[in-house]
1. Considering only Tyr84, Tyr113, Tyr124, give the residue with the highest GNM mean-square fluctuation for the chain, with springs between Cα atoms whenever their separation is below 10 Å.
2. Within 12 Å, Cβ to Cβ, of Ala18, how many net charges do the neighbouring residues add up to if Lys/Arg are +1 and Asp/Glu are -1?
3. Of Pro142, Val159, Trp38, which is farthest along the charge dipole of the chain in the positive direction, counting Lys and Arg as +1 and Asp and Glu as -1 at C-beta?
4. Explain nothing, just the number: dipole magnitude of region 46-183 about its Cα centre with +1 on each Lys and Arg Cβ and -1 on each Asp and Glu Cβ, in debye rounded to the nearest 20.
5. Which residue, Ser175, Ser76, Ser65, has the most motion in a Gaussian network model of the chain that connects Cα atoms within less than 10 Å?
6. Relative to the Cα centre, what is the charge dipole magnitude of region 1-64, using +1 at the beta carbon of each Lys and Arg, -1 at the beta carbon of each Asp and Glu, and rounding to the nearest 20 debye?
7. For Val162, Val137, what's the fewest-to-most ordering of other Cβ within 10 Å of each Cβ?
8. Compute a Gaussian network model of the chain, connecting alpha carbons closer than 10 Å, and tell me which residue from Gly133, Gly64, Gly36 fluctuates the most.
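Every number in this text was worked out from the coordinates using simple rules, so none of it is lab data. Note that the structure is a prediction, hence the values are computed from the model and not measured. Neighbour counts are summed over all protein chains in view; Cβ atoms, including those assigned to glycine, are modelled from backbone coordinates with ideal geometry.
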Amino acid sequence: MTDTRNADLTFGATDYLAYLAPRDTAMPAGFAAPAGAWKCLGWITTAGGTFQISDEKKDITAAGSLEPIRTLMTRSTKTVKITYQEALNPMVRALYDNVPISTLQPTDGVASYDLPDKPNNLRYAWILDTIDGSKRVRLYMPAGQITERGDEQPQTDDVWAVEMTATFYKGANNSPAVHRTIDYGGIDVSGFFS
């Protein structure tokens, strides 16, 4: 057995960036900075984002067996929970309030709007970039929607942070809900594939 341990393969995120664009906006090539329709969601807490994959299954039981005879994988839900520090960033505010981003365009410096009585089905394309020196990880999601919101708490002893969880769905033409790209930053990982 070959020892493939390499401390350079550890990852300590020095930056975490979230971008939003209209649903099914194409992913930029490689690790190019998102441009055009992509807008940054601003500063994020040092905790970064918590990406989670939750798989659901159903066990099939039958007479004559004390154990399941088969297991069906029924769903794999991908989510990310992020605390945004720019509570007045128009994109963050629109996501939290579940209104179209255009709703927050100010007239004479002021935006005024009603919160929806029932949820809007607003989905956007997302990019989450995590950086550790020359190592990078990018997640691209063609269709994500805010499905959980933390409590709003404007306060005097800290910035007003806004916590939200986005759930990701398949995009146009049944494209995958999440695409991951890894740049190893020049680290030789060939030992893992020989």
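1. Among Tyr84, Tyr113, Tyr124, the largest GNM mean-square fluctuation belongs to Tyr113.
2. 0
3. Checking the options against the dipole of the chain, the answer is Pro142.
4. Using only the charged Cβ atoms, the result is roughly 880 debye.
5. Ser65
6. Here the size comes out at about 200 debye.
7. Ranked by crowding around the Cβ, least crowded first: Val137, Val162.
8. Between Gly133, Gly64, Gly36, it is Gly64 that shows the largest mean-square fluctuation.
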